[in-house]
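All of the numbers you see were taken from the coordinates with simple rules; none came from a lab. In this text, all values refer to a predicted model and were calculated from it rather than measured experimentally. Cβ placement follows ideal geometry from the backbone for every residue including glycine, while neighbour counts extend to all protein chains displayed.
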Amino acid sequence: MKSIRKIVLPGEKLGERRGKKLGENVYVENKFVFSKVIGIPVVKENEIDVIPLAGVYIPKVGDKVIGIVTSIEFSGWFVDINSPYTAFLPLAEAVKEFVDVYRVDLSRYYDIGDVIYCRVIKVGKDKTVQLSMKYLDNRKLSNGVLVRITPYKIPRVIGRGGSMINLIKEKTNCSICVGQNGIVWIRGRNKAKAIQAILMVEKESHTIGLTQKIERLLGGRHGRKG
């Protein structure tokens, strides 16, 4: 799993520059590099930067997320959940039946590159994340496209009682699945229009009359499902 780093505050020292490339969220003073934002430091051999917390997903137990399988291990799968922390899907939380791991290729269940809608069931003190596919709405997502938006804008995309996302689904006739980690999966003939609407919600989330703007964007006619 990815190494876990502490959260730094603006003005906190990250180390000496020593010729390293600087990211946009740091600055130099007297040969030392400092953080501009609250975030997670990324200090590599040739680069120093900070991932701002406002723009990243920090997992919480109970979150419904969309992830991409990145590797298959002996006892489960590592999954990219659009977070500084890699998540793990244990075999016991993915498959109901007994599986002889010495005889069965786990890729028959989930392969590298597969997109899954799952749930966060455990976050350790060191931010190790465990996932589950055992809830009723969990499933593999196929033949769609993924859109990444700022995670803290997801509640606005969903809307009160699901009003905004249901409006977009109805007007575009697309199948849409929203992850609390800032990833949205869309499938349908009018997915380009659905993407446009979701990106507008992200950009104008704090404006008045947003629902009316989305209605005007999408028009009154339903698309044909595909």
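When a footprinting reagent is the concern and you count Cβ atoms within 10 Å, what order do 40, 183 take, fewest first? Don't skip to the answer; put the middle values down first.
Numbers: 40 22, 183 25.
Fewest to most other Cβ atoms nearby, the residues stand as 40, 183.
Using a 10 angstrom cutoff on alpha carbons, build the Gaussian network for the chain and name the most mobile of 204, 24, 170.
Of 204, 24, 170, the Gaussian network model singles out 24 as fluctuating most.
In a Gaussian network model over the chain where Cα atoms closer than 10 Å are linked, find which of 46, 25, 181 has the largest mean-square fluctuation.
46
If each of residue 206 and residue 18 carries a label point 7 Å out from its Cα toward its Cβ, how far apart are those two points in nm?
In this crude label model, residue 206 to residue 18 measures out at 4.0 nm.
Give me 20, 60 ranked fewest to most by other Cβ atoms within 10 Å of their Cβ, as a rough exposure proxy.
On the way: 20 19, 60 11.
In increasing order of surrounding Cβ atoms, one gets 60, 20.
So which of 140/193; 140/203; 21/122 end up more than 31 Å apart, counting from Cα to Cα?
Values: 140/193 24 Å; 140/203 29 Å; 21/122 35 Å.
Result: 21/122 exceed 31 Å.
Starting from the Cα of residue 169, step 7 Å along the direction of its Cβ; do the same at residue 152; then give the gap between the two resulting points in nm.
A separation of 2.7 nm, rounded to one decimal place.
Given H placed 1.01 Å from N in the peptide plane, which residues other than close sequence neighbours of residue 181 have an amide H under 5 Å from its amide H?
66
Of the residues 136, 199, 91, which exhibits the maximal mean-square fluctuation in a Gaussian network model of the chain defined by a 10 Å Cα contact cut-off?
For the chain, modelled as a Gaussian network with Cα springs under 10 Å, the answer is 136.
Looking at region 83-184, which chymotrypsin sites (Phe, Trp or Tyr not before Pro) are DSSP coil and have at most 10 other C-beta atoms within 10 Å of their C-beta?
Working: sites: 85, 88, 98, 102, 109, 110, 117, 135, 152; in loops: 85, 98, 102, 109, 110, 135.
Sites meeting the loop and neighbour criteria: 98, 102.
Report the relative contact order of region 82-146, percent, no decimals, based on alpha-carbon pairs under 8 angstrom and at least 6 residues apart.
Details: 70 pairs, mean separation 25.8, N = 65.
Result for region 82-146 is 40 percent.
Only Cα pairs under 8 Å and at least 6 apart count here; give the relative contact order of the chain as a rounded whole percent. Don't skip to the end; give the middle numbers.
Working: 468 pairs, mean separation 34.8, N = 226.
Worked out over the chain, it gives 15 percent.
For a Förster distance of 25 Å, can you work out the FRET efficiency between the beta-carbons of residue 71 and residue 134, rounded to the nearest 0.05? Before the final figure, lay out each step's value.
Values: r = 21 Å, r/R0 = 0.85.
Calculated value: 0.75.
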